[in-house]
């Protein structure tokens, strides 16, 4: 009998999958080699936000998640792809579509919602030349795509973090390490913001005796390393 997961089990599984993804990336594995893990992360995320269940049958036809409200959801999760394809032969059973992107921003992995809409919106576009439905991700600024099933839950990674509140900071020589209320770590050197914080953080960590590896022996991500440096300096 297939196992039904509780919401707490789904949330824990998603956290574990994201942690494993970060480990693989730290080992130098390319995102293209993590397709199975990428897909599982997307399915777990969709099941979490819809309070639903992942499809219980192996090779489930057409959809990946069933929401609490009974919607059959096809979930596509990408990293660098510029489009996704829905097979017309199985799309007839789909009621809702979610397209997600795995974002690795300065070695921190997060999930961005690109599109969440009724499947009928995709059908209304008509199939492509091969008879399947293709969604080009660069075109997701149209009115259709703005009328999402739910409001987007992701924040533009280029948003001005410096408009947020600094909740902790520390100085070391010409460097200032700042922790913002959204968890981001930024570093200034001689008053100029570093494009990427990690190299400077590694340098500071070596100088002040902060370990750059976590308890499992893997490199700390930017947020953890920055927070540990601030603690060591204050």
* Asked: Cα centroid distance between segment 74-91 and segment 172-220, in Å?
  -> 38 Å
* Kindly rank 33-43, 16-26, 123-133 from highest to lowest mean number of other beta carbons found within 10 Å of each residue. => 33-43, 16-26, 123-133
* For a footprinting-style exposure proxy, rank 202, 12, 101 by other Cβ within 10 Å, fewest first. => 12, 202, 101
* Quick one, which of (1) 12.4; (2) 14.5; (3) 15.3 is the actual mean projected area of the Cα convex hull in nm² calculated for this model? -> (3)
* Based on the Cα gyration tensor of segment 161-233, what are the three equivalent ellipsoid semi-axes, each the root of five times an eigenvalue, rounded to whole Å and given largest first? -> 19, 14, 11
* Structure fact -> Ordered by fewest other Cβ atoms within 10 Å, a rough proxy for footprinting exposure, 167, 99 read 167, 99
* Structure fact -> Cα-based Rg/(2.2 N^0.38 Å) for segment 7-146, rounded to two decimals, is 1.05
* Structure fact -> In whole angstrom, the spacing between the Cα centers of segment 31-57 and segment 112-134 equals 19 Å
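Given the rule -39500 (n - 2.57) for each run of at least 4 DSSP H residues, summed and divided by the residues of the chain, what is its mean residue ellipticity at 222 nm, to the nearest 500 deg cm²/dmol?
After summing the helix terms and dividing by the residues of the chain, the value is -9000 deg cm²/dmol.
Bear in mind that the values in this text are calculations on the coordinates, not laboratory data. Bear in mind that the values here come from a model prediction, so they are computed numbers and not experimental data. Don't worry about glycine lacking a Cβ; one is built from the backbone with ideal geometry, like all the others, and counts go over all protein chains shown.
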